[in-house]
Ligand SMILES: NC(=O)c1ccc[n+]([C@@H]2O[C@H](COP(=O)([O-])OP(=O)(O)OC[C@H]3O[C@@H](n4cnc5c(N)ncnc54)[C@H](OP(=O)(O)O)[C@@H]3O)[C@@H](O)[C@H]2O)c1
């Protein structure tokens, strides 16, 4: 549950780097057929049309699905860009609209995000790639506080101080790149735990977030992997295994959201 009362499903499908065509349509359709109810796209991904088409082809009612898109901060007007996203997606309203990264500073785009909320273009608004300082800056001038900060988060990027700061401010931290864009799947500790609990490395990494009640959005374009990644609600990791995974952190428990900004 987000602090504005809207519910966010814990597991979603991410579609970064999936071209705006049949691969994306199929991934979204399969995910929804398999039981996902949350899709994460962005204006910068260029695939909102395919996401909308996958949604329609799945036959799952629009209102049963949580759709996130992200404001591309090289543009100027978040509300105008939200309207264009709605057209591309073919829906009347977003569930979550977030600033993709704090390019040009953390505060300038927020009034436009609030305008998008006021105008009913989205049910919730939030941010992505914001550090604690940037969250504080945006909250200081906000009429409506962000309800989500979507950041790179996994046992290897266990940003403990950022997580604690989000929790104390009523902001849900959402975990992107939970598999390290695939890189964390071959880690020896992750593989050893997976073997022992009779699960896959992806399931172990996703369970690590889900067990903390942290929404997580793995990406795959393969039906069997999309299905595998959903299989994280019928087992739990022991506190010893959680601690071993926690110890993989290479971020130093940072309160920062990114190690080297790309904007
Ligand atoms: N806000 C931001 O700035 C931001 C930044 C990065 C990501 N994100 C969001 O987070 C989502 C996920 O992050 P991500 O795309 O970086 O990657 P990820 O979910 O950490 O990993 C995806 C990679 O792992 C592979 N994979 C997925 N499931 C697998 C499985 N069960 N077994 C083996 N391989 C598997 C995928 O391959 P196949 O696709 O070939 O199966 C792909 O190469 C993105 O799609 C996006 O929605 C947001």
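Brief remarks on what is shown
- Selection status of residue 116, over 30 Å from residue 191 (Cβ atoms), outside any strand (DSSP E or B) and in contact with a helix residue (DSSP H, G or I) (Cβ under 7 Å, 6 or more places away or on another chain): yes
The rows are residues; the columns are (1) surrounded by fewer than 20 Cβ atoms within 10 Å (Cβ to Cβ); (2) at pLDDT 95 or above; (3) out of contact with any helix residue (DSSP H, G or I) (no Cβ under 8 Å at 6 or more places or on another chain); (4) closer than 16 Å to residue 150 by Cα.
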| position | (1), (2), (3), (4) |
| --- | --- |
| 193 | no, yes, no, no |
| 206 | no, yes, no, yes |
| 209 | no, yes, yes, yes |
| 221 | yes, yes, no, no |
| 230 | yes, yes, no, no |
| 234 | yes, yes, yes, no |
| 240 | yes, yes, yes, no |
| 259 | yes, no, yes, yes |
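- Answer residue from segment 137-155, given it is crowded, with 20+ Cβ neighbours inside 10 Å and more than 24 Å from residue 116 (Cβ to Cβ) and is nearest to the ligand (Cβ to nearest atom) among those: 154
- Some residue of segment 167-183 being assigned to a helix (DSSP H, G or I), within 16 Å of the ligand (Cβ to nearest atom) and touching a residue at least 24 places away in the same chain (Cβ under 8 Å): no
- Segment 45-54, residues that are within 15 Å of the ligand (Cβ to nearest atom) and at negative phi: 45, 47, 48, 50, 51, 54
- Odd one out for residue 235 among (1) in a strand (DSSP E or B); (2) without any contact (Cβ under 8 Å) to a residue 60 or more places away in the chain: (1)
- Selection over segment 11-44 of residues that are within 12 Å of the ligand (Cβ to nearest atom) and surrounded by 18 or more Cβ atoms within 10 Å (Cβ to Cβ) gives a count of 18.
- Only one entry in 91, 60, 51 is crowded, with 16+ Cβ neighbours inside 10 Å, touching a strand residue (DSSP E or B) at 6+ places or on another chain (Cβ under 8 Å), part of a loop (DSSP other than H, G, I, E, B) and free of Cβ contacts under 8 Å to residues at least 60 places away in the same chain, namely 91.
- Qualifying residue in segment 214-229 (condition: within 18 Å of the chain's Cα centre (by Cα), more than 11 Å from the ligand (Cβ to nearest atom) and in contact (Cβ under 8 Å) with a residue 24 or more places away in the chain): yes
- Flag if residue 105 is modelled with pLDDT of 95 or more, within 14 Å of the ligand (Cβ to nearest atom) and closer than 24 Å to residue 165 by Cα: no
The values are calculated or read from the model by the stated rules, or taken from the named source; none is laboratory data. Since the model is a prediction, treat every value here as computed from it, not as a measurement. Neighbour counts are summed over all protein chains in view; Cβ atoms, including those assigned to glycine, are modelled from backbone coordinates with ideal geometry.
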